[in-house]
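Below is one structure, written out as structure tokens; the observations come after it.
None of the figures in this text is laboratory data; all of them are computed from the coordinates on show. All figures in this text were calculated on a predicted structure; none of them were measured in a lab. Glycine gets a Cβ as well: all are built from the backbone with ideal geometry, and neighbour counts include every protein chain shown.
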Amino acid sequence: MDPSERLRQLVLRSASAHNVLPLTSACNARCTFCSHSLDYPGLDVQRLYPRDVELVRQALAFLSPERKVIIGESATRLIEGEPLTHPQFLEILRQVRQRLPETPIQVTTNGSLLTKHVAAQLRRLAPLSVSLSLNSHEPHVRRQLMRDAQAEVAVRAPRLLAEHGLPFEVSVVAVPGVVAAASAFQTIEYAGGHGARRAKVYVAGCSAAMFARNGWDASPGRWDALYDDLELGRLECSIPVTFQPPRLQSLAAEVAGVFPGSPADVAGVRPGDVITRVGSKGIKSRSHAHYLLGRSESVALEVLRGPQRLTALVTQDTDEPSGVVLDEDLSLIRLTALEARLRQAPGPLLVLTSLPAAALVQCAVARARTKAGVTVVPARSGLFGGTIACAGLLIVEDFVAAGQTACASTAEPFAAVLLPAEPFDEAGLDLLGRSYLEVCERLETPVTLL
């Protein structure tokens, strides 16, 4: 396919499928934990530069007024950079607001170009929120992590956003031996002190090449210890914190945090509570609880707090969020589709998944009580190596390797194989342009994307 046409497809698909408006792949930082600077020949990824502004304008027509518009994040194989580097950043946002006068907009930025002028202009485009990739509240540490020449500007960003009445959340990246949990929470508390409503901690997945480039320690035990420290720190944090990816072992809807002063806070919901019912409906997962809470006004929550079973009446206005913050587990669509496949399984079923999702898929399988035998096997990244574990970076060869190992260890052949859909584009091709149907051919078993 012609590269310009491929680029056009990715931009328009980002807008139509995800309500993400890509602006540019250019970035003014060189983060030590960013993989975009590493060369992996043959990857189907595309870069978008400011000269493609007409393509960005075409994408405006594909944005939905019913969902938040996101700027500065990637939802496809299009590399996203720092949106404020685009020379027409503010003009494009004005066009979004003109076309969608009431739709919330979220801008994700590293903050180093966030001046008083920019903040004032963003305030005029309300409803608009900012997701600030801060990473450190100490300029010298931020310069070391991000090669950011304007680190002081970014560190002042939380105060600037607060002064202009712009709602914002903050994110930090944690890497064992580089950014410890204690340092991450100091930055989160700094942002929280200036009004950040919530925080995300990205536990960086690092390729083997990234470990080699930076001289970092790839020992698995260090990453487990980091998660242990993060989970302890979250309990003491003054604002809600979620992890990406979360280290989850069950589908129980455990509350990660509660916004202070929110309807859930007033009702007495606390971090660590496990939501078992929303109104009359039993809860299948965190995503299920999030879905139901987003469609309720006054509703009774049944929660487990240790051995106690409690009821909290959450009263909220129309369109007001409940204030409950949950880590992300299996999406409700994914969970429903998996349950349907388990019920329909014609025989032994092999489910190949990413490492972070394996325990959650196993929980769903156990709950389904299907008569057919089900084997859940996590695939590991052979292309990137290191601690890369997310589904979107797995390739056909990773699934073939995991599937062949599973097939060799069972006497009865599998009747079908399920694969996660994230590694494959709309044509069913992985990052190297290979079709998921190759997994079917090499395992000699029908394959379905889930």
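Using amide H atoms built in the peptide plane, which far-off residues or other-chain residues are under 5 Å from Val447 H to H?
Val417
Which is farthest toward the positive dipole end of the stretch 332-449 among Val447, Gly403, Leu335, measuring Cα position about the Cα centre, with Cβ charges +1 (Lys, Arg) and -1 (Asp, Glu)?
It is Leu335.
Tell me, what ³J(HN,Hα) does each residue in the stretch 107-118 have, in order and in whole Hz, if you take phi through Karplus 6.51 cos²θ - 1.76 cosθ + 1.60 with θ = phi - 60° and put x for Gly and Pro?
Karplus values, whole Hz, x for Gly and Pro: 10, 9, 9, 7, x, 6, 10, 8, 8, 4, 4, 5.
Fewest Cβ neighbours within 10 Å first, please rank Ile92, Ile71 accordingly.
Ile92, Ile71
On the principal axes of its Cα set, how long, how wide and how thick is the chain? Give whole Å, largest value first.
The Cα atoms of the chain stretch 67, 58, 45 Å along the principal axes, largest first.
Placing +1 on the Cβ of each Lys and Arg and -1 on the Cβ of each Asp and Glu in the stretch 3-244, which of Leu48, Gln244, Asn110 has its Cα farthest towards the positive end of the resulting dipole?
Leu48
Running a GNM on the chain with Cα contacts under 10 Å, which residue among Ile333, Ile239, Ile79 ends up with the highest mean-square fluctuation?
Ile333
How high is the relative contact order of the chain, given as a whole-number percent (alpha carbon pairs under 8 Å, six or more residues apart)?
The value is 10 percent.
Trypsin sites (Lys or Arg not before Pro), restricted to the stretch 260-330: which are DSSP loop and have at most 13 other Cβ atoms within 10 Å?
Arg295
How high is the relative contact order of the stretch 105-216? Use alpha-carbon pairs under 8 Å, at least six apart in sequence, and give a whole percent.
Across the stretch 105-216, relative contact order equals 27 percent.
What Cys residues in the chain are without a partner cysteine, judged by a Cβ distance under 4.7 Å?
Cys27, Cys206, Cys237, Cys363, Cys390, Cys407, Cys440
With only Lys, Arg, Asp and Glu charged, each at its Cβ (+1 for the first two, -1 for the last two), find how big the charge dipole of the chain is about the Cα centre; round to the nearest 20 debye.
Taking the Cα centre of the chain as origin, the dipole is about 580 debye.
Please work out the Cα center distance from the stretch 8-42 to the stretch 373-433, rounded to the nearest Å.
Going from one Cα centre to the other spans 24 Å.
Highest GNM mean-square fluctuation, the chain, Cα pairs closer than 10 Å: which of Phe424, Phe89, Phe185?
With Cα springs under 10 Å in the chain, the top fluctuation among Phe424, Phe89, Phe185 is at Phe89.
Could you list the trypsin sites (Lys or Arg not before Pro) in the stretch 147-241 that lie in coil according to DSSP, counting only those with at most 14 other Cβ atoms within 10 Å of their Cβ?
Answer by residue number: Arg147.
Once you've got the GNM for the chain with C-alpha springs shorter than 10 Å, pick whichever of Ser238, Ser331, Ser280 has the biggest mean-square fluctuation.
Ser280
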